[in-house]
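All remarks here apply to the structure that follows.
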Amino acid sequence: MSQDEQPTTAGTTITAYPDGPLLVRGDFVLLTPEGHPIETRRGTVALCRCGRSASKPFCDGTHKVVGFRTG
């Protein structure tokens with residue numbers, strides 16, 4: 001599948017935004033390292049990639065302040 005193609009079946013998608021979070025959409029379970037579920041309350045969440053979010057594992061926009069770059 002090329003980068004421009006989208007999956008044709010329902011499920012979970014994870015999109016890495018340039019210089020930003022991972023956006024997770026669909027049916028998923030988010031777990032702690034110990035295997036305990038983390039309540040998400042939504043079908044879409046943004047996960048931190050910069051490591052500086054005050055609400056880890058969720059993105060709080062800090063990547064913009066610290067100048068996080070993915071490439």
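The values are calculated or read from the model by the stated rules, or taken from the named source; none is laboratory data. Owing to the predicted nature of the structure, the values given are computational and were not obtained by experimental measurement. All Cβ positions, glycine included, derive from the backbone under ideal geometry; neighbour counts span all protein chains shown. Ligands, DNA and RNA are stripped out before the accessible areas are found, and what is left, the full protein with its side chains, is counted by its heavy atoms. Shrake-Rupley method; radii C 1.70, N 1.55, O 1.52, S 1.80 Å.
Let me have the relative contact order for the chain, percent, based on Cα pairs under 8 Å that are six or more residues apart.
Once divided by the residue count of the chain, the mean separation gives 27 percent.
List the trypsin sites (Lys or Arg not before Pro) within region 37-71 that fall in a DSSP loop (any state other than H, G, I, E or B) and whose Cβ has at most 10 other Cβ atoms within 10 Å.
Passing both the DSSP loop test and the Cβ count: Arg41, Arg42, Arg69.
Going toward the positive end of the dipole of the chain, with +1 on Lys and Arg Cβ and -1 on Asp and Glu Cβ, which of Val65, Val45, Gly26 do you reach last?
Result: Val65.
Could you tell me which of rounded, prolate or oblate describes the chain, using a ≥ b ≥ c as the square roots of the eigenvalues of the alpha-carbon gyration tensor, with rounded for a/c under 1.5 and, failing that, prolate when a/b is larger than b/c and oblate otherwise?
Taking the square roots of the gyration eigenvalues as a ≥ b ≥ c, the chain is oblate.
With every protein chain left in place, what is the accessible area per residue of the chain in square angstrom, probe 1.4 Å?
77
Compute, for region 13-70, the length of the dipole vector about the Cα centre, with Cβ point charges of +1 (Lys, Arg) and -1 (Asp, Glu) only. Units Debye, rounded to 20.
220
Leaving ligands, DNA and RNA out of it, rank Asp19, Asp60 by accessible area with a 1.4 Å probe, largest first.
The ordering from most to least exposed comes out as Asp60, Asp19.
Give a residue-ordered list of calculated ³J(HN,Hα) values for region 48-53 (Karplus: 6.51 cos²θ - 1.76 cosθ + 1.60, θ = phi - 60°; whole Hz; x for Gly, Pro).
With coefficients 6.51, -1.76 and 1.60, one gets 5, 10, 7, x, 10, 4 Hz.
Once amide H atoms are built 1.01 Å from N in the peptide plane, which residues 5 or more positions from Phe58, or in another chain, come under 5 Å H to H?
Distant-sequence amide H within range of Phe58: Cys48.
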